[in-house]
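A quick write-up on the structure given underneath.
The values are calculated or read from the model by the stated rules, or taken from the named source; none is laboratory data. What you see is a predicted model, and the numbers here were worked out from it, not measured in a lab. For neighbour counting, all protein chains shown are included, and Cβ atoms are generated from backbone atoms with ideal geometry for every residue, glycine included.
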């Protein structure tokens, strides 16, 4: 059996002159710009990078700090990194949530429910000794008698 010859046909494609110019141009290259990492803060707060000159150990150098501002704050606060700023935000939110929960002005939220439950338990614990007379604990007696029998 004779072998079949494989032939490859060359095809010429014709493009418009503008398209050929765009493909073959060796003009200026597009400048690659690294996107800045956006500082993400919870709702109601803003984080931004600020360059400040700080005197540390007698040397003044320019440092990049994180400035935290928000509608719940009196003024701006500066932090070394974003983690510290986010930690401060969570602490401020926890304090405000605790205050609202203790005042009974909030509904829902695991933290608020936990605080309200703790305050109710504390109030009950302070009233409970007045209501309860001395009742011996049966479980403690049975444990002691079992230990002595052995």
* Structure fact -> Scanning the range 43-55 residue by residue, the ones that are surrounded by 10 or more Cβ atoms within 10 Å (Cβ to Cβ), at pLDDT below 90 and within 16 Å of the chain's Cα centre (by Cα) total 1
* Answer yes or no: is there a residue in the range 129-149 that is modelled with pLDDT of 70 or more, surrounded by 10 or more Cβ atoms within 10 Å (Cβ to Cβ) and either out of contact with any helix residue (DSSP H, G or I) (no Cβ under 9 Å at 6 or more places or on another chain) or not in a helix (DSSP H, G or I) (or both). => no
* To do: Please list, ordered by first then second residue, the pairs with beta carbon atoms under 7 Å, 6 or more apart or interchain, first in the range 87-104 and over 17 Å from residue 71 (Cβ atoms), second at pLDDT below 85 and surrounded by 12 or more Cβ atoms within 10 Å (Cβ to Cβ).
  => 94/111; 98/115; 101/112; 101/115; 101/116; 102/115; 102/119
* Structure fact -> In the set 110, 94, the lone residue that is at pLDDT below 70 and surrounded by fewer than 14 Cβ atoms within 10 Å (Cβ to Cβ) is 110
* Asked: Taking the condition surrounded by fewer than 10 Cβ atoms within 10 Å (Cβ to Cβ) and at pLDDT below 80, does residue 58 pass?
  -> no
* To do: May I ask you to list the residues in the range 62-74 that are surrounded by 10 or more Cβ atoms within 10 Å (Cβ to Cβ) and more than 17 Å from residue 84 (Cα to Cα)?
  => 72
* Asked: Does residue 89 qualify as being assigned to a strand (DSSP E or B) and either at pLDDT 80 or above or in contact with a helix residue (DSSP H, G or I) (Cβ under 9 Å, 6 or more places away or on another chain) (or both)?
  -> no
